[in-house]
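Read-outs throughout are calculated quantities, based only on the coordinates presented, and are distinct from any laboratory measurement. Note that the coordinates shown come from a computational prediction; the quantities given were computed from them, not determined experimentally.
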Amino acid sequence: MKRTERMRQAVSEPVAEADLQQQVARGWRMVAIEWEREIETADEPLPTDVPFGLRISSDTQRLEDDPKERETLFQLMDLVVQEGSYSRVAEELNRRGCRTRQGEVWTPISVFEMLPRLIEVGPHLFRSPEWQKRKQATTV
């Protein structure tokens, strides 16, 4: 029984023909050539300040939801609607074990500083199935 063995060889300079012939003599055959170069792109670089509720994806090419921060956004939105007072919202978030992105306790000021983000994501949160389930659970 035969199996195929593959090897990837990184190169930092042009490959000499003698090197290719040496690999062939060892039983290897070339099956692909991969090329790369740097180009200018029209893509905007990722922001230096990643908005709360998001994180940089593992491929570092986009932003994706951060589940823990997204849950905090839901709680913030709910508490702002219910409680109103920034002090009470901060106290309740801390009581529930929520922390800021820096790992600190919530303060009335940190709650206030989240208002622009809540305004930005609010319409999305209110339309989400998760928000609808939460509202049904609190009205039952």
### Task
Report, ordered by chain and residue number, the aspartates and glutamates lying within cross-link reach of Lys68, taken as a straight Cα distance under 16 Å and ignoring same-chain residues fewer than 8 apart.
Asp78, Glu104, Glu130
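Over the chain, what relative contact order in percent results from Cα pairs under 8 Å that are six or more residues apart? Intermediate results must be reported in sequence, preceding the final value.
Working: 74 pairs, mean separation 18.2, N = 140.
Normalised by residue count, the contact order of the chain is 13 percent.
Would you calculate, for the chain, the mean residue ellipticity at 222 nm contributed by helices, counting each DSSP H stretch of 4 or more residues as -39,500 (n - 2.57) and dividing by all residues, to the nearest 500? Could the numbers behind the result be given before it?
On the way: 6 runs with 65 residues, N = 140.
After summing the helix terms and dividing by residue count, I get -14000 deg cm²/dmol.
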### Task
Kindly give the semi-axes, whole Å and largest first, of the ellipsoid equivalent to the chain, taking each as the square root of 5 times a Cα gyration tensor eigenvalue.
54, 18, 14
